[in-house]
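Shown next, in structure tokens, is the structure this report addresses.
The values are calculated or read from the model by the stated rules, or taken from the named source; none is laboratory data. In this text the structure is predicted, and so the values were computed from the model without any measurement. Positions of Cβ are generated from backbone atoms using ideal geometry, with glycine treated the same way; all protein chains shown enter the neighbour counts. To get the accessible areas, we keep the full protein, side chains included, count just its heavy atoms, and leave off ligands, DNA and RNA. Shrake-Rupley method; radii C 1.70, N 1.55, O 1.52, S 1.80 Å.
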Amino acid sequence: MWIGARLLPALAVVSVMMVSGAAIAAGTHEHPQENGTAAAPLDVVRSASDLPATQRRAPRTISVALETVEVTGALEDGATYHYWTFNKKVPGPFVRARVGDTIEVSLHNAPDSSEPHSVDFHAATGPGGGGVATHAEAGETRVFSFKALKAGLYVYHCAVPSVAQHISNGMYGLILIEPEGGLPPVDREFYVMQGELYTAEAHGARGNLKSSAEKLAAEQPEYYVFNGAVEALTGENALRAAAGETVRIYFGVGGPNKDSSFHVIGETFDRAYPLGSLVTQPMLDVATVSVPPGSATVVDLILDVPGEFKLVDHALSRAERGLLGTLVVTGDEQPDIFNAPVPGPTEGGPDHIHG
Ligand SMILES: [Cu+2]
């Protein structure tokens with residue numbers, strides 16, 4: 001409740017905070033190379049493969065170390081943005097626990113931060129999800145612990161006002177609380193989160209883009225991103241698997257404001273766990289899953305045929321604002337499932353295909 005109560009007055013002063021924050025950040029960064037500069041922006045994209053493997057085990061105590069760091073990162077070729085991060089990547093680290101675990105959280109706010117930061121785990125039962133307990137000024141470290149009472153896939157995020165600004169700048173991640181007995185085994189797992197960036201400059205601008213409090217308040221983002229940057233999960237960062245494998249995507253929406261109609265073009269989700277509920281039986285054979293801000297879903301795909309499959313939000317205008325990923329599936333063609341003859345190099349027309 002405290003977040004909501006503080007959000008509205010915080011939005012009223014957001015422009016003041018941003019001006020002072022930019023001035024402090026520009027003047028006091030002690031590690032410009034480590035944290036990225038306009039000349040050498042940091043790669044803030046978290047690889048979709050960057051998540052720990054499951055461990056079937058009894059409940060125990062686990063430690064989660066988060067460092068909040070403000071960095072100038074690459075938004076796309078020729079454009080940078082001053083991200084606020086957990087551990088210098090967007091999203092923050094994937095936290096993997098099981099129901100019954102005690103999770104000890106340590107949050108250190110880097111000394112050169114322009115803002116206090118914190119973390120609110122939706123998996124925690126207790127005031128602010130830890131957001132008050134971890135509120136750390138620059139250079140401070142705060143700790144708290146919670147017991148994972150409920151299995152599920154949950155968002156975590158910074159909870160310092162303006163919360164929307166902190167989330168938009170990149171301060172979100174996922175925590176998986178596996179149910180007793182775990183989830184059905186799969187061959188590969190991936191970690192993908194969607195967010196919005198509200199830049200003063202129009203989409204496609206070059207240079208070091210500035211955040212816009214006005215566009216944030218109006219919920220009018222210029223960019224939509226998977227894992228922090230424009231088309232971040234394509235090319236060498238594409239998700240990769242082989243036909244015949246079953247893959248799982250842990251998908252969350254940091255937002256802060258827009259829901260996602262998550263879809264993989266050319267595939268269906270053989271299993272989908274809406275709203276991150278893992279104790280409810282999954283839905284079967286779903287094409288598009290709606291994921292609200294601050295929520296998540298687990299989707300399993302049995303890959304039948306090879307090819308390139310696009311990860312999108314089916315609100316497809318957003319693909320043209322950066323929201324695009326690729327799942328590359330290798331393997332032998334399966335013409336009994338999908339048969340699309342490829343035109344020859346010089347004879348491209350449909351008459352020749354069928355001739
Ligand atoms: Cu923050």
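May I ask you to give the average projected area over all directions of the convex hull of the Cα atoms of segment 46-133, in nm² rounded to one decimal? Convex hull of Cα atoms, orientation-averaged projection: 7.0 nm². Charged side chains reduced to their Cβ positions (Lys and Arg at +1, Asp and Glu at -1) give segment 188-330 a dipole of some 260 debye around its Cα centre.
Nearest 500 deg cm²/dmol is fine: what mean residue ellipticity at 222 nm does the chain get from its DSSP H runs of n ≥ 4 alone, each adding -39,500 (n - 2.57), divided by its residue count? Let's see the in-between values first.
Working: 6 runs with 46 residues, N = 355.
One gets -3500 deg cm²/dmol as the mean residue ellipticity at 222 nm.
Looking at the chain, the DSSP beta bridges with both ends there are about 65 percent antiparallel.
Taking Asp270, Asp313 and ordering them by how much accessible surface each has at a 1.4 Å probe, largest first, produces Asp270, Asp313. Solvent exposure of the chain amounts to 43 Å² per residue of accessible area, where only protein heavy atoms count and the probe is 1.4 Å. Using a cutoff of 8 angstrom between alpha carbon atoms and counting only pairs six or more residues apart, the relative contact order for the chain works out to 15 percent.
Rounded, prolate or oblate: pick one for segment 188-330, where a ≥ b ≥ c are the square roots of the eigenvalues of its C-alpha gyration tensor, a/c under 1.5 means rounded, and failing that, prolate if a/b is larger than b/c, else oblate. Oblate shape, in that a/c is at least 1.5 and b/c is the bigger or equal ratio.
When all alpha carbon pairs of segment 98-167 are counted in 10 Å bins from zero, the resulting P(r) reads 22, 51, 23, 4 %. Extents of the chain, taken as max minus min of Cα coordinates on every principal axis and listed largest first, are 70, 51, 34 Å. Of Lys89/Lys147; Lys147/Lys310; Lys147/Lys215; Lys88/Lys147, which ones are farther than 31 Å apart at the Cα? Those over the limit are Lys147/Lys310; Lys147/Lys215. Would you kindly find the accessible area of Val289, with a 1.4 Å probe and non-protein molecules such as ligands, DNA and RNA excluded, rounding to the nearest 10 Å²? We get 10 Å² for Val289.
Assign one of three labels to segment 121-230, namely rounded, prolate or oblate, based on the Cα gyration tensor with a ≥ b ≥ c the square roots of its eigenvalues; rounded applies when a/c is under 1.5, prolate when it is not and a/b is larger than b/c, and oblate otherwise. In terms of gyration-tensor shape, oblate. If exposed trypsin sites (Lys or Arg not before Pro) are those in a DSSP loop with at most 12 other Cβ within 10 Å, what is the longest stretch of the chain that has none? Between the exposed loop sites, the longest stretch runs 207-355. Rolling a 1.4 Å probe across all protein chains gives Glu245 an accessible area of roughly 40 Å². Any idea what angle helix 14-28 forms with the longest principal axis of the chain, computed on alpha-carbon atoms, 0 to 90 degrees, nearest 10? In the chain, helix 14-28 runs at an angle near 90 degrees to the longest axis. Relative contact order of segment 87-181, taken over Cα pairs closer than 8 Å and 6 or more residues apart, is 38 percent. Axis angle, to the nearest 10 degrees, between helix 2-12 and the longest C-alpha principal axis of the chain: 80 degrees.
Just so you know, the Rg over Rh for segment 28-179 is 0.99, from Cα atoms, with Rh as the Kirkwood radius. Going by the alpha-carbon gyration tensor, a ≥ b ≥ c the square roots of its eigenvalues, is segment 226-269 rounded (a/c under 1.5) or, if a/c is not under 1.5, prolate (a/b greater than b/c) versus oblate? Oblate.
How big is the charge dipole of the chain about its Cα centre, in debye rounded to the nearest 20, if each Lys and Arg gets +1 on its Cβ and each Asp and Glu gets -1 on its Cβ?
Result for the chain is approximately 1200 debye, rounded to the nearest 20.
In the chain, taking the dipole from charged Cβ atoms about the Cα centre, the farthest positive-side position among Leu327, Pro256, Ala202 is held by Pro256. Just going by the charge dipole of the chain, with Lys and Arg at +1 and Asp and Glu at -1 on Cβ, which of Met283, Leu216, Thr68 is farthest out on the positive end? The one lying farthest along the dipole's positive direction is Thr68.
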